[in-house]
Amino acid sequence: MHHLHTKLYEAWDRGQGDGHGPLLLVLEDEELSQRLDHVRAQVALEGPEAVVAAAESVMDLLAALYARVFP
């Protein structure tokens, strides 16, 4: 999450106008997506439930951000 957070803020700072172009590059980064999916799966297996719920919330927020940035 720290890596994703950093990449998103850097992208926002680099953006012109609405900043969406650089954000899309981060959100569509295949390697980053695979890493996030791997970590989410690992968290789902190992728990605890509160951490699993938080990980799922993060993934839901990323999907919502993507939908907002790329209508």
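Checking E31 against (1) open to solvent by 80 Å² or more (accessible area, probe 1.4 Å); (2) modelled with pLDDT of 80 or more; (3) touching a helix residue (DSSP H, G or I) at 6+ places or on another chain (Cβ under 9 Å), which single condition isn't satisfied?
In the conditions (1) open to solvent by 80 Å² or more (accessible area, probe 1.4 Å); (2) modelled with pLDDT of 80 or more; (3) touching a helix residue (DSSP H, G or I) at 6+ places or on another chain (Cβ under 9 Å), E31 misses (3) alone.
I'd like to know if the stretch 49-59 contains one or more residues that are without any contact (Cβ under 8 Å) to a residue 12 or more places away in the chain, within 10 Å of the chain's Cα centre (by Cα) and assigned to a helix (DSSP H, G or I).
no
Which pairs do you get when a residue that is of a type in the set (K, R), found in the stretch 21-45, comes within reach of a residue that is outside any loop (DSSP other than H, G, I, E, B) and at pLDDT 80 or above, reach meaning Cβ atoms under 7 angstrom, with the pair 6+ apart or on two chains?
Short answer, once both residue conditions are applied: R40/A55; R40/M59.
Only one of L62, L45 is out of contact with any Phe, Trp or Tyr (no Cβ under 9 Å at 6 or more places or on another chain) and surrounded by 11 or more Cβ atoms within 10 Å (Cβ to Cβ); which?
Exactly one of L62, L45 is out of contact with any Phe, Trp or Tyr (no Cβ under 9 Å at 6 or more places or on another chain) and surrounded by 11 or more Cβ atoms within 10 Å (Cβ to Cβ), namely L62.
The values are calculated or read from the model by the stated rules, or taken from the named source; none is laboratory data. Quick caveat: nothing in here was measured; it's all calculated off a predicted structure. For neighbour counting, all protein chains shown are included, and Cβ atoms are generated from backbone atoms with ideal geometry for every residue, glycine included. The accessibility values were calculated without ligands, DNA or RNA, using every heavy atom of the protein model including side chains. Shrake-Rupley method; radii C 1.70, N 1.55, O 1.52, S 1.80 Å.
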